[in-house]
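Trainee: Take this structure first; my questions come after.
Read-outs throughout are calculated quantities, based only on the coordinates presented, and are distinct from any laboratory measurement. Computed from a predicted structure; not experimentally measured. Note that each Cβ is placed from the backbone with ideal geometry, even for glycine, and that neighbours are counted across all protein chains shown.
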Amino acid sequence: MEGRHSRFASAPPDPEAEVGRGDPEDPEAEDPEAEDPEAEDVIEIVGIDHVQLSMPPGGEDDARRFYGSLLGLREVSKPPELAGRGGCWFVGADAAIHLAREEGFAPHAKSHPALVIRDLAAAREALGLAGVPIEEDDSGLPVRRCYIRDPFGNRIELVDARDAGFSAG
């Protein structure tokens, strides 16, 4: 990462640090980025809390079988304020997927979450035994990955853990 965003590449800025100063040994030295009015306008995204996918009303049981029983994610209770909307939430080691009811639901053809899988070969075997069709990756990238569809037609990318982070550049 280069340019004005490079200061966030390795670690978030220290909120206790003095703003607008360059060399801490030289109180007269100014930080060159402090003069750049756009430098203060950077929104620092530090992670993704969850991905929300849609499903048709009444799809909760199918979601539980697929995301819970097959993919091994753990269902967590929705906050009481949201429970009446239906849907269900699932979490894994470093992933959270929320399934929401949507009237007039139609799956998207391309948009998808990419889940990192510890052992993609074993996952492919389990998915095959469960009758889940696997869409092969035809991109030509040297990445172990494939695609599946949830019971509602939502596209999900599965990436082998050895290739995690390939899209970060």
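Trainee: So what J values fall out for segment 74-88 if you push phi through Karplus, 6.51 cos²θ - 1.76 cosθ + 1.60 with θ = phi - 60°, rounded to Hz, Gly and Pro as x?
Mentor: 9, 6, 10, 5, 6, x, x, 5, 10, 4, x, 7, x, x, 7
Trainee: Here's a follow-up. At q = 0.10, 0.11, 0.12 Å⁻¹, what log₁₀ I(q)/I(0) does segment 51-168 have when each alpha carbon counts as one equal point scatterer in the Debye sum?
Mentor: One equal scatterer on each Cα of segment 51-168 leads to -0.30, -0.37, -0.44.
Trainee: Ok, one more. Could you order the peptides 147-154, 68-75 from most to least packed, using the average number of other C-beta atoms within 10 Å per residue?
Mentor: So the order, starting with the most tightly packed, is 147-154, 68-75.
Trainee: Determine the percent antiparallel among the DSSP beta bridges restricted to segment 51-168, to the nearest 5.
Mentor: 60 percent
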